[in-house]
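The values are calculated or read from the model by the stated rules, or taken from the named source; none is laboratory data. Source: prediction; values computed, not measured. Ideal geometry is used to build each Cβ from the backbone, glycine not excepted, and the neighbour counts take in all protein chains shown.
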Amino acid sequence: MMRITKSSYTIFNPTRFRFTLFLVLMSFAYSVQAQTSGNPLFTGADPEIHYFNNKYYIYTTATYGTQFHAYSSIDLTNWKDEGVIMDLYPDCLWAQNNGWAPAVVFRNNKYYFYYTAETKIGVAVGDTPIGPFKDSNAAPLIATDPVMTDIIDAMVFTDDDGQNYMYYGGSGQSKLSVRILGADMVSVGAPTDITPQNYTEGPFMIKRNGIYYMTYSNGYWGDQSYNVQYSTSNTPIGPWTYRGSILSSNSEDKGPGHHSVIKIGDCDEYYIVYHRYENASNGDRKIAIDHLYFNAAGLIDPVNMTNYGVKPRVPDNSCSSTAVAPIVSGGVFKVTHKGTNQYLEVAGSSSQANANVQQNTDSGNDAQRWIITLESDGFYKMTHKGTNQVLDVANASNLPDANVQQNADNGSDAQRWNLEAMTDGYFKITHKGTHQCLDVDQNSTAPLANVKQYTDSGNDGQRWKLELVQAPILSGGLYRLTHKGTNQVISVNGDSTTAGANVHQWTDSGNVDAQRWYITLESDGFYQLKHKGTNQVLDVDNNSSNDGANIHQYNDTDNDAQRWKLDLMPDGYYKLTHKGTNKCLDVNNNLAEPGTNIQQWTDLGNDAQRWKLDLMPDVNPVIGNGTGVYGNYFNGMNFETSVFNRVDPTINFDWAFASPNPSVNADQFSIRWTGQIQPKYSGEYTFYATSNNGRRLWINNQLIIDGWIDDLGEYRGKIFLVAGQKYDIKLEYFDNSSAANCKLEWSNFLLGREIIPMTQLYASSLSINDNQQLSNKITIPNPVDEILHIMSDINLSFADIKIFDIQGRLLSNPKKFGNELYVGNLTKGMYVLQIQIDGAKCIKKFIKK
């Protein structure tokens, strides 16, 4: 995923309870196609989302208490900070601080920007969605109200007849007022109190099928009690029927609220944007986006807060009534071409390597069946069922029009594919080795038309339907079980090895043993699920027959309490039925929170009892023996004066207002970390550099993060790495003023996001394997005085360095300062310098003056 943001932060104003510390996430150094938006999107509060001029915009509470920003995206997943679009000073004549909760409306060929400042509501006007906006009025639009003193959180709703309504109010008195807004958008009528049940603040109106949905925040904004509730009416001003809560805290994310909702074009498709606290009950609020659904009765389903967010969505007048079927790794699929409704097949069902791949009319046989498996690099392999060979680009060509064929599996990129779900219910199948698409030549409708790769053209010739026809369970295979209702996975609490340890659902954290299960077909026709992390099995406590009986792991006793029937359902998910009781594996109340208990329950036929089984690569991580990276600390923001060196086990520092070391300035210092990094798994890695002030990161001599500016936030970059191989790493950081911090993390398809551990970091940045390479990397200037400067891009702080006289007698192991040696104790003459590091050695001569 990629999001580009510029960052700043909000100053706390003690005269108000409402504040935002606005740490805006900074991101990738190069563009990649986002699979999902990921949550959170960026730091901020009180978001309102709109779609203007073919772009989505999110407007948030002001940074520094005065500066409003807008964030834009073409697809809901990649976000750009458009910068300051309005500053209370100088763009407002009547307020200086406490700016928050903007609302934006396009009318009269102008953009109207309604905002709260000093507990009053103003309106500014601009010509574009990103302003600049200016409030030329000498007074607020609304300064008083008979039922409240906190005149905050304006929201403008336009009904189908063109009438505009402004809703506002909350906090102290927890009242909601509405006023008619004139056609000029800057004149308002008298207020009416329309407060619904449990209202606190942050109103947002939705109209669907003639019903008005007043959604709003409830609770205290600064802790986990904050949530979103709603009421409905047949008019935009009530009276209201209270309907309940739709968004509330879970065990991971707290205080979700002050939201907005966007409808996609003419589709019955909605998304909710809101702020929340990540893994805490206070601190920095983060912006998130998730789906919002209505049930058959027209009520809003409780929103499942996710960490994965939403897939790319561009309003294109297409509304898919059919959800994209899940890709069940290990399943057998028919692959149907959208443009012609014919099937991907191997010509003549040939078993020969290099046999051609084409489209053809449905024959119902194995020539048109493909086993799709998720590989350890996060891409998919498509194996032809009839021949057991794989979908392959001839000669691993990177050219458009290169032929697609079957070939023996050689594990190369020519046989790996990215399967990206599109908004029309079809997939785009992109070749990893070339980033080109699986394509029917000329989008031909003829049977036997050739299949090739071609540059992404976005048309039906490159769209494919994946229809699951069989999902055989590979006995002995390693599986991830994902809950349909919540998209979380079956996990053992705390990765415990104890018999009886509880089993619950949890966010997928990568190749964690606590979330992987070996599924084996037993002699009685039922399956056993054995936990990879502990070698214990999925078990019903005491083989109970009761609804709600707990599921845990337990020693293998070979009884019915540990046997399960796996039934493939029409939606591509499985129902797991307990042999001992004939009840189903179930998530308690279908709750979305990580940590929700897993139990057995009577078969209800709902999503709480449906599971997606993905065959996972059974790979073990490469755990290194590193001790950390070499840190060189400087006074000055551009590495002016080296004052301190050490090996840092990890890069995870929060110095606040202090100094990293007594010899280092508390402000205006810089650090250069160098060494090597060793990946645990092969695949594409995302690196995260989070810091106050500038940062830039090189991996394998490639600049993947470039944020060398005075800001506060997170940058991301991606690179493909091979497990066990060591790569040069260099991270540079500077601090200007105020609090200082710097953190370096990584993630991978098989690895959850984590601080890069010490075991995978090495202080030497040398990546050579013979003496000549080392010699080529080192230059000694001659003659030298008291300090010998070794000119090299290699960090030699941990090299074994010796000085000999010209007869070969060892004189000293000199004192090192990075790549500088003290030789002031030597007399005039010629000497021999020996440098040894990582098994390589070189000899250099120098003359002492």
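Look at the stretch 437-467 and say how many of its residues are surrounded by 17 or more Cβ atoms within 10 Å (Cβ to Cβ), of a type in the set (S, T, N, Q) and closer than 30 Å to TYR573 by Cα.
Qualifying residue count, the stretch 437-467: 1.
Being basic (Lys, Arg), surrounded by 20 or more Cβ atoms within 10 Å (Cβ to Cβ) and in contact (Cβ under 8 Å) with a residue 24 or more places away in the chain narrows it down to one residue among LYS334, LYS432, LYS428; which is it?
Exactly one residue qualifies, and that residue is LYS432.
If we scan the stretch 323-332, do we find a residue that is closer than 25 Å to ASN410 by Cβ and assigned to a strand (DSSP E or B)? Let's see the steps before the verdict.
Our first condition is that a residue be closer than 25 Å to ASN410 by Cβ; within the stretch 323-332, this holds for 327-332.
Still in the running and assigned to a strand (DSSP E or B): 331-332.
Yes, because at least one residue in the stretch 323-332 is closer than 25 Å to ASN410 by Cβ and assigned to a strand (DSSP E or B).
Tell me, please, whether a residue that is on the phi > 0 side of the Ramachandran plot and touching a Lys or Arg at 6+ places or on another chain (Cβ under 8 Å) can be found in the stretch 425-446.
Residues of the stretch 425-446 that are on the phi > 0 side of the Ramachandran plot, as a first pass: 425, 435, 442-443.
Next, only the ones that are touching a Lys or Arg at 6+ places or on another chain (Cβ under 8 Å) stay: 425.
Yes, that holds for at least one residue.
Which number in (1) over 21 Å from THR116 (Cα atoms); (2) assigned to a loop (DSSP other than H, G, I, E, B) marks the one condition that ASP184 misses?
(1) is the only condition that ASP184 fails.
Within the stretch 205-236, take every residue that is in contact with a Phe, Trp or Tyr (Cβ under 9 Å, 6 or more places away or on another chain) and among the hydrophobic types (A, V, I, L, M, F, W, C) and give me the one that is modelled with the lowest pLDDT. Walk me through how you get there before you give the answer.
Initial filter on the stretch 205-236 (in contact with a Phe, Trp or Tyr (Cβ under 9 Å, 6 or more places away or on another chain)): 205-209, 212-224, 226, 228-236.
Now restrict to residues that are among the hydrophobic types (A, V, I, L, M, F, W, C): 205-206, 214, 221, 228.
Working: MET205: 98, ILE206: 97, MET214: 98, TRP221: 90, VAL228: 97.
It comes out as TRP221.
So PHE687 clears everything in (1) at pLDDT 90 or above; (2) surrounded by fewer than 22 Cβ atoms within 10 Å (Cβ to Cβ); (3) not charged (D, E, K, R) except one condition, right? Which one?
Result: PHE687 passes all but (2).
Being in contact with a strand residue (DSSP E or B) (Cβ under 7 Å, 6 or more places away or on another chain) and without any contact (Cβ under 8 Å) to a residue 24 or more places away in the chain is true for just one of ASP409, ASP456, ASP401, ASP439. Which residue is that? Explain how you work it out, then say what you get.
Values: ASP409 fails: without any contact (Cβ under 8 Å) to a residue 24 or more places away in the chain; ASP456 fails: without any contact (Cβ under 8 Å) to a residue 24 or more places away in the chain; ASP401 fails: without any contact (Cβ under 8 Å) to a residue 24 or more places away in the chain.
The conditions single out ASP439.
Of the residues LYS175, LYS207, which single one is among the basic types (Lys, Arg), out of contact with any helix residue (DSSP H, G or I) (no Cβ under 8 Å at 6 or more places or on another chain), surrounded by 14 or more Cβ atoms within 10 Å (Cβ to Cβ) and not in a loop (DSSP other than H, G, I, E, B)?
Details: LYS175 fails: not in a loop (DSSP other than H, G, I, E, B).
Going through LYS175, LYS207 in turn, the sole match is LYS207.
Output the number of residues of the stretch 512-548 satisfying the condition of being buried (at least 20 other Cβ atoms within 10 Å of the Cβ), among the aliphatic types (A, V, I, L, M) and closer than 18 Å to LYS575 by Cβ.
Qualifying residue count for the region: 4.
Would you pick out the residues in the stretch 741-764 that are at pLDDT below 90, crowded, with 17+ Cβ neighbours inside 10 Å and under 17 Å from the mean Cα position of the chain (by Cα)? First the steps, then the outcome.
To start, the set of residues in the stretch 741-764 that are at pLDDT below 90 comprises 747-754, 763-764.
Still in the running and crowded, with 17+ Cβ neighbours inside 10 Å: 747-751, 763-764.
Across the stretch 741-764, the qualifying residues are SER747, ASN748, PHE749, LEU750, LEU751.
So which of THR430, THR455, THR434 is polar (S, T, N, Q) and in contact with a Pro (Cβ under 7 Å, 6 or more places away or on another chain)? Steps first, please.
Values: THR430 fails: in contact with a Pro (Cβ under 7 Å, 6 or more places away or on another chain); THR434 fails: in contact with a Pro (Cβ under 7 Å, 6 or more places away or on another chain).
On inspection, the qualifying residue turns out to be THR455.
May I ask you to say which residue of ALA34, ALA70, ALA62 is surrounded by 24 or more Cβ atoms within 10 Å (Cβ to Cβ) and either within 14 Å of the chain's Cα centre (by Cα) or at pLDDT 95 or above (or both)? Let's see the steps before the verdict.
Details: ALA34 fails: surrounded by 24 or more Cβ atoms within 10 Å (Cβ to Cβ); ALA62 fails: either within 14 Å of the chain's Cα centre (by Cα) or at pLDDT 95 or above (or both).
Being surrounded by 24 or more Cβ atoms within 10 Å (Cβ to Cβ) and either within 14 Å of the chain's Cα centre (by Cα) or at pLDDT 95 or above (or both) holds for just one of ALA34, ALA70, ALA62, which is ALA70.
Just to be sure before I move on: is GLY257 closer than 28 Å to ARG107 by Cα, of a type in the set (Gly, Ala, Ser) and without any contact (Cβ under 8 Å) to a residue 12 or more places away in the chain in the structure I sent? Talk me through it step by step, then tell me what you get.
On the way: closer than 28 Å to ARG107 by Cα: yes; of a type in the set (Gly, Ala, Ser): yes; without any contact (Cβ under 8 Å) to a residue 12 or more places away in the chain: no.
Judged against the criteria, GLY257 is not a match.
Which of the residues that make up the stretch 154-203 are touching a Lys or Arg at 6+ places or on another chain (Cβ under 8 Å), closer than 16 Å to GLY238 by Cβ and of a type in the set (D, E, K, R)?
ASP159, ASP193
For the stretch 395-418, name all the residues that are closer than 21 Å to LEU721 by Cα and not charged (D, E, K, R).
Selection gives ALA396, ASN398, ASN410, GLY411, SER412, ALA414, GLN415, TRP417, ASN418.
Report, ordered by the first and then the second residue, all pairs with beta carbons closer than 8 Å, sequence separation of six or more or different chains, a first member in the stretch 210-225 that is under 21 Å from ASN295 (Cα atoms), and a second member that is assigned to a loop (DSSP other than H, G, I, E, B) and aromatic (Phe, Trp, Tyr).
Pairs found: MET214/TRP240; TYR216/TYR199.
Could you please let me know if TYR199 is aromatic (Phe, Trp, Tyr), surrounded by fewer than 22 Cβ atoms within 10 Å (Cβ to Cβ) and part of a loop (DSSP other than H, G, I, E, B)?
Spelling it out, it is not the case that TYR199 is aromatic (Phe, Trp, Tyr), surrounded by fewer than 22 Cβ atoms within 10 Å (Cβ to Cβ) and part of a loop (DSSP other than H, G, I, E, B).
Just to verify a result, which residue in the stretch 573-610, among those that are among the polar types (S, T, N, Q) and part of a loop (DSSP other than H, G, I, E, B), is modelled with the highest pLDDT? Write out each step before concluding.
Taking the stretch 573-610 as the starting set, the residues that turn out to be among the polar types (S, T, N, Q) are 577, 581-582, 588-590, 596-597, 599-600, 602, 606, 609.
Imposing the further condition that a residue be part of a loop (DSSP other than H, G, I, E, B) reduces the set to 581-582, 596, 602, 606.
Working: THR581: 87, ASN582: 86, THR596: 92, THR602: 95, ASN606: 82.
So, considering only residues that are among the polar types (S, T, N, Q) and part of a loop (DSSP other than H, G, I, E, B), the one modelled with the highest pLDDT is THR602.
With ASP413, ASP495, ASP439 as the choices, which residue is acidic (Asp, Glu), in contact with a Phe, Trp or Tyr (Cβ under 9 Å, 6 or more places away or on another chain) and more than 18 Å from TRP370 (Cβ to Cβ)? Show your work before the answer.
Values: ASP495 fails: in contact with a Phe, Trp or Tyr (Cβ under 9 Å, 6 or more places away or on another chain); ASP439 fails: more than 18 Å from TRP370 (Cβ to Cβ).
After applying the criteria, what remains is ASP413.
Filter the stretch 623-650 for residues that are in contact with an Asp or Glu (Cβ under 9 Å, 6 or more places away or on another chain) and in a loop (DSSP other than H, G, I, E, B); which is farthest from GLN760 (Cα to Cα)?
In the first step, residues of the stretch 623-650 are kept if they are in contact with an Asp or Glu (Cβ under 9 Å, 6 or more places away or on another chain); the result is 628-631, 634, 637, 639, 642.
Now narrow it down to the ones that are in a loop (DSSP other than H, G, I, E, B): 628, 637, 639.
Numbers: GLY628: 8, MET637: 28, PHE639: 26 Å.
Applying the filter and picking the extreme gives MET637.
Mind listing whichever residues of the stretch 226-239 are in contact with a Ser or Thr (Cβ under 8 Å, 6 or more places away or on another chain) and either buried (at least 20 other Cβ atoms within 10 Å of the Cβ) or polar (S, T, N, Q) (or both)?
TYR226, ASN227, VAL228, GLN229, TYR230, SER231, THR232, SER233
Exactly one of (1) buried (at least 20 other Cβ atoms within 10 Å of the Cβ); (2) of a type outside the set (Asp, Glu); (3) on the phi > 0 side of the Ramachandran plot is unmet by LEU585. Its number?
All conditions pass for LEU585, except number (3).
How about the stretch 79-152: which strands (runs of 3 or more DSSP E) wholly inside it have at least 3 residues that are surrounded by fewer than 22 Cβ atoms within 10 Å (Cβ to Cβ) and at pLDDT below 95? Reasoning before the result, please.
Details: elements: 80-87, 99-107, 110-117, 120-126.
Hits in the stretch 79-152: 80-87.
Conditions (1) under 19 Å from GLN676 (Cβ atoms); (2) small (Gly, Ala, Ser); (3) at pLDDT below 85; (4) in contact with a Cys (Cβ under 8 Å, 6 or more places away or on another chain), marked per residue:
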position	(1), (2), (3), (4)
SER767	yes, yes, yes, no
SER792	yes, yes, yes, no
SER797	yes, yes, yes, no
GLY808	no, yes, yes, no
ILE843	no, no, no, no
ILE847	no, no, no, no
